[in-house]
Amino acid sequence: MMHYQNPILRGFYPDPSICRVEDDYYLVTSTFEFSPGVPLFYSKNLVNWTQIGYCLDGESAVDLRSCHASGGIYAPTIRYHLGMFYMITTNVGGGGHLICHTADIRGEWSKPIYIGLPGIDPSLLFDGDKVYLSCTGEQEGRSGIFVCEIDPIKGTLLTEPTCVSFGCGGKCPEAPHIYHIGDYYYLMIAEGGTEYGHRETIMRGASPYGPYTPCPHNPILFHQERMDSNLHATGHADLVEDTNGNWWLVCLGIRQLPYVMLHHLGRETFLAPVAWQDGWPIVGNQGMIDYEMDAPLPMPAQATDWNYHDDFSGDMLNLRWSYVRNPEKSMYSLSNGKLHLNAADSLNEEKGSPAFVGIRQPEFKINAQAVLYNPNASNLFAGLSVYYNNDYHYDLCVQNENGQTLVFLRRRVHDMEVCGEIAAFTTDQPLKLGVQADEQSYQFAIETVDGERTLLGSGLTAGLCTEGTHTMTFTGVFIGMFSECGTAEFTSFDLAVDE
């Protein structure tokens, strides 16, 4: 047995899907309105993951310009068959299911092909000379799981979709994956909605079309009734067998804030070992996952470093950076060790594409700092943002007015916007913009090159939590830099996890 820690991907990395090629493992997650779409990760041991690219990179890959908050790219599935990788997902509000492929997992993916089929959460099963697509749908007003055959290169449906299950009794049956294991086809789905009642169930049958018999100990993964942990909403899972014949499950879960039913880091990716008993899977510790686990990993795991530093010295932004919807290329550039952000839409714009780059907040307690090189630039309005979506963000703002640098905290929650007390500086030197976070709040401060530090204010963590938004949302907090007027130049960004 080897020891490892959950989550294996921290911060907003929901809806994981996994596949194996020999002793290499690949994993993808949802991105919703953020781009590039569908981050792609690589591992040898299932615990330590390295991002190697995106499946949907650039506006030509996917159009998110009309996507509302928490619309966009839902629930990808990654599969490998005969030298080719396939990724299938749904662009909600932007064309529906799409599929793409590549023979070079570290190279470019094909241009996505859209599939004329309603629903969300598509998956693929390669079985002999047939390929089956499963997804959600509706029949007679009920949500169910549908199956049909597909040409995965052309994206052409070869048979009519057939409803094979309405689930195992929970609401919102979704996220189907079908596996051919031994004599049975196993249909694993998420139920209960993606909130605190989220769970994973499984059933089996003699063909991909069933009929399916439910597992006698469903749900196989469920945390709602667990009172000794703040790990909840586990579900939306995928199975993989390692090279040693051991089975594993990746799933999403949330780390709830202490003592309140709120979360803001997003739905994260967790790993659990799977044992088989009487032809049915036993997940983790009798259907539950822990932060600290012992299991027979393919290779030993190391502690993952969640800290991040960027001095913008390269000619391309690091893969960890994300944009809101499709970025305009003219808004971003790198030169002479500086990131240049040219103003575009406001962070408040409902379907805008602001000049913003952010990385996912990986822990409750963090310190982040960005160095703004040109705070005295003419007509500048820029800064550091803790961003959930256009209606929920806290921004440390720097504004140049008549040669004077003004700094203040702007807080946007629901349809309310409040700006704090203004601090004035007369400086042509860089300013350090910082935020310190814990479970309760974000504290914002500014520091000059000579060490003068000014606290600008704070914002409650609860203001950026998923459960408090005015529409159903599925994302998590990003921390990054923005410009709403003028050109901002940043020379570094640091994020440190506070143990």
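The values are calculated or read from the model by the stated rules, or taken from the named source; none is laboratory data. Just so we're clear, the structure is a prediction, and the values are computed from it rather than from any experiment. So basically every Cβ, Gly included, is an ideal-geometry build from the backbone, and we count neighbours across all protein chains shown.
Odds and ends about this structure:
- Enumeration of residues in the stretch 413-454 that are under 30 Å from Asn389 (Cβ atoms) and not in a strand (DSSP E or B): His414, Asp415, Gly420, Glu421, Ile422, Pro430, Asp438, Glu439, Gln440
- Qualifying positions in the stretch 313-346 - within 18 Å of the chain's Cα centre (by Cα), assigned to a strand (DSSP E or B) and basic (Lys, Arg): none
- Any pair with Cβ under 8 angstrom, 6 or more apart, that starts in the stretch 446-461 at a residue that is free of Cβ contacts under 8 Å to residues at least 12 places away in the same chain and ends at one that is surrounded by 11 or more Cβ atoms within 10 Å (Cβ to Cβ) and part of a strand (DSSP E or B): Arg453/Ala445; Arg453/Ile446; Arg453/Glu447
- Of the residues making up the stretch 349-365, those that are crowded, with 22+ Cβ neighbours inside 10 Å and part of a strand (DSSP E or B) are Pro354, Ala355, Phe356, Val357, Gly358, Arg360.
- Of the set (1) at positive phi; (2) of a type in the set (A, V, I, L, M); (3) surrounded by 23 or more Cβ atoms within 10 Å (Cβ to Cβ), all apply to Leu27 but (1).
Let's see how each residue does on (1) out of contact with any Lys or Arg (no Cβ under 8 Å at 6 or more places or on another chain); (2) farther than 18 Å from Glu268 by Cα:
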position	(1), (2)
Asp23	no, yes
Ile52	no, yes
Val62	yes, yes
Ile78	yes, no
Tyr86	no, yes
Leu98	yes, yes
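For (1) in a strand (DSSP E or B); (2) in contact with a Pro (Cβ under 6 Å, 6 or more places away or on another chain); (3) modelled with pLDDT under 95, each residue gets a yes or a no:
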site: Asn367; (1), (2), (3): yes, no, no
site: Ala377; (1), (2), (3): no, no, yes
site: Ala382; (1), (2), (3): yes, no, no
site: Ser385; (1), (2), (3): yes, no, no
site: His393; (1), (2), (3): yes, no, no
site: Leu396; (1), (2), (3): yes, no, no
site: Thr405; (1), (2), (3): yes, yes, yes
site: Arg410; (1), (2), (3): yes, no, no
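- Of the strands (runs of 3 or more DSSP E) that lie entirely inside the stretch 111-215, those containing 2 or more residues that are of a type in the set (S, T, N, Q) and buried (at least 20 other Cβ atoms within 10 Å of the Cβ) span 130-139.
- Residues of the stretch 1-33 classified as part of a strand (DSSP E or B) and more than 19 Å from His263 (Cα to Cα), total: 14
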